Amino acid sequence: KAQLLEDLFLATRARLAGATGNVTLADSLLARQREAQRLLRLYALADGAERALWSRLDNVYFQRHTADEIAWHARQLHWRVEGTAPVVRARLSRAEAGLQVAVYLPDQKDLFARISGFFGRRGLSIVEAKIHTTRHGYALDTFTVHDPADPDAAYRDAIQLVEFELAKVLKDREPLE
């Protein structure tokens, strides 16, 4: 909902500022990709480093994610697009209290159940889940989680724990409880 409201706000602001013509979906996606590329340059990523990942993603991915998320994924995954080991990265949520967790690995049976079970056992609630499967059969899922029992939780301390423990759960592929 927040992303839809932001898109509506930006489109309305552009219209009120005198922008004419219709903005197509392709224009919107291209603008989002350009903004992501601008953000990647701030991290000194080589021009075109994102292509390895982006070539395996479809328009639905670019529609559902913000430029910031797209750049974050590209920064973390550009050099391990074909890797088989689970990649789990977490950061403080940009929009609200909690963590944003990105998971990337070859798609597997019961993956969502495994991930959501992990969060549940850690006492974390999933606020938002963006589930995506790439063109080459990898899961690229992004979760926003928070601890409802502790609104003042120190999430910065939990980042490494979540990254390590969730990657281990996904690698071990133990039977679901």
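The values are calculated or read from the model by the stated rules, or taken from the named source; none is laboratory data. From a predicted model like this one, the values you see are computed outputs, not experimental measurements. Cβ coordinates were reconstructed from backbone atoms using ideal geometry, including for glycine residues, and neighbour counts include every protein chain displayed. These area figures cover heavy atoms from the full protein model, side chains too; ligands, DNA and RNA do not enter into them. Shrake-Rupley method; radii C 1.70, N 1.55, O 1.52, S 1.80 Å.
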Single unsatisfied condition, Q63 versus (1) touching a residue at least 24 places away in the same chain (Cβ under 8 Å); (2) part of a loop (DSSP other than H, G, I, E, B): (2)
Single unsatisfied condition, A149 versus (1) more than 16 Å from the chain's Cα centre (by Cα); (2) surrounded by fewer than 18 Cβ atoms within 10 Å (Cβ to Cβ); (3) touching a residue at least 40 places away in the same chain (Cβ under 8 Å): (3)
Residue in region 119-140 that is most open to solvent (accessible area, probe 1.4 Å), counting only those that are under 14 Å from V88 (Cα atoms) and touching a residue at least 60 places away in the same chain (Cβ under 8 Å): Y138
Test for I70: is it surrounded by 19 or more Cβ atoms within 10 Å (Cβ to Cβ), more than 11 Å from the chain's Cα centre (by Cα), in a helix (DSSP H, G or I) and hydrophobic (A, V, I, L, M, F, W, C): no
A14 being of a type in the set (A, V, I, L, M), in a loop (DSSP other than H, G, I, E, B) and loosely packed, with under 13 Cβ neighbours inside 10 Å: no
Residue that is modelled with the highest pLDDT [pool: residues in region 76-109 that are open to solvent by 50 Å² or more (accessible area, probe 1.4 Å), out of contact with any Pro (no Cβ under 9 Å at 6 or more places or on another chain) and more than 19 Å from R135 (Cα to Cα)]: R89
